[in-house]
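Participant: Attaching a single structure in structure tokens format; questions to follow.
The values are calculated or read from the model by the stated rules, or taken from the named source; none is laboratory data. A quick note: this is a predicted structure, and the numbers were derived from the prediction, not measured. Virtual Cβ from ideal backbone geometry, glycine too; neighbours counted across all protein chains shown. Side chains are part of the model used for accessible areas, which takes the heavy atoms of the whole protein and leaves out ligands, DNA and RNA. Shrake-Rupley method; radii C 1.70, N 1.55, O 1.52, S 1.80 Å.
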Amino acid sequence: MGISVSKRVNNTFQNSDRFNSACDSAFSQCLSLTQHAFEGVLPYQLKTASDQIHTIISVHPLIHKWVPQPPDRTQVDSALRHILPSDHGSDNVLRLPMFKDWARYLYTDAVLSSATKALIVRVPVGVAGIVGIGAVAHSGPALVGTFVGAYSLGVALSIFLGLSS
């Protein structure tokens, strides 16, 4: 079997020079805003860092297609909770390696969430159309079921292949 979609998207970002450069740039910008008083990025800076990363990588095919707007504060905070270990204590400073992990998780999750929403919208609409046409044409349930299955598989495959950029 192949690699899972989430791992494939994560690896795409991990191996992207543009993404890594964007992370380095956002990290440096956050350090300069705090006048290098901390060894990393503070949690309240993450939304701004995410916006900056998005601006730099907006031409990346996955971002351009699936994440046209920067992730919102909820997604930023969720990625932070996922990355920070529970025993991390009061030191919530993200040093560069953890910052890059956070950014990869954030954008992988954003791409997959958007693709999932597309699947949830496209399949029911198409299925309703197929069933409606089947009812008007007085087609048998087996034929309509076959078309529904083929359509659903086609949409899922289309979205999956769209994530392989």
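Participant: Of the residues PHE147, PHE99, which is without any contact (Cβ under 8 Å) to a residue 24 or more places away in the chain and surrounded by 11 or more Cβ atoms within 10 Å (Cβ to Cβ)? Spell out how you get there, then give the answer.
Facilitator: Numbers: PHE99 fails: without any contact (Cβ under 8 Å) to a residue 24 or more places away in the chain.
Sole residue among the options that is without any contact (Cβ under 8 Å) to a residue 24 or more places away in the chain and surrounded by 11 or more Cβ atoms within 10 Å (Cβ to Cβ): PHE147.
Participant: Quickly run through segment 1-31 and pick out the residues that are small (Gly, Ala, Ser) and part of a helix (DSSP H, G or I). Before you say what the answer is, go through the steps one by one.
Facilitator: Step one: of segment 1-31, the residues small (Gly, Ala, Ser) are 2, 4, 6, 16, 21-22, 25-26, 28.
If the condition is that a residue be small (Gly, Ala, Ser) and part of a helix (DSSP H, G or I), then SER6, SER21, ALA22, SER25, ALA26, SER28 are the ones that fit.
Participant: If I go through segment 66-84 residue by residue, how many of them are open to solvent by less than 50 Å² (accessible area, probe 1.4 Å), part of a helix (DSSP H, G or I) and not aromatic (Phe, Trp, Tyr)?
Facilitator: Selection size over segment 66-84: 5.
Participant: Has segment 113-132 got at least one residue that is in contact (Cβ under 8 Å) with a residue 40 or more places away in the chain and farther than 16 Å from ARG8 by Cα? Reasoning before the result, please.
Facilitator: First, the residues of segment 113-132 that are in contact (Cβ under 8 Å) with a residue 40 or more places away in the chain: 114-115, 118-119.
If we keep only those that are farther than 16 Å from ARG8 by Cα too, we end up with 118-119.
Yes, the conditions are met somewhere in segment 113-132.
Participant: Further question on the same structure: Given the criteria in contact with a Lys or Arg (Cβ under 9 Å, 6 or more places away or on another chain) and surrounded by 11 or more Cβ atoms within 10 Å (Cβ to Cβ), does SER113 qualify?
Facilitator: Values: in contact with a Lys or Arg (Cβ under 9 Å, 6 or more places away or on another chain): no; surrounded by 11 or more Cβ atoms within 10 Å (Cβ to Cβ): yes.
No.
Participant: Report the residue count in segment 19-65 for those that are of a type in the set (Ser, Thr, Tyr), touching a helix residue (DSSP H, G or I) at 6+ places or on another chain (Cβ under 8 Å) and open to solvent by less than 70 Å² (accessible area, probe 1.4 Å).
Facilitator: 5
Participant: Those residues that are under 16 Å from ILE53 (Cα atoms) and surrounded by fewer than 16 Cβ atoms within 10 Å (Cβ to Cβ), I need them from segment 1-18; list them, please. Steps first, answer last, please.
Facilitator: Just the residues of segment 1-18 that are under 16 Å from ILE53 (Cα atoms), to begin with: 10, 12-18.
Within segment 1-18, GLN14, ASN15, ASP17, ARG18 meet the criteria.
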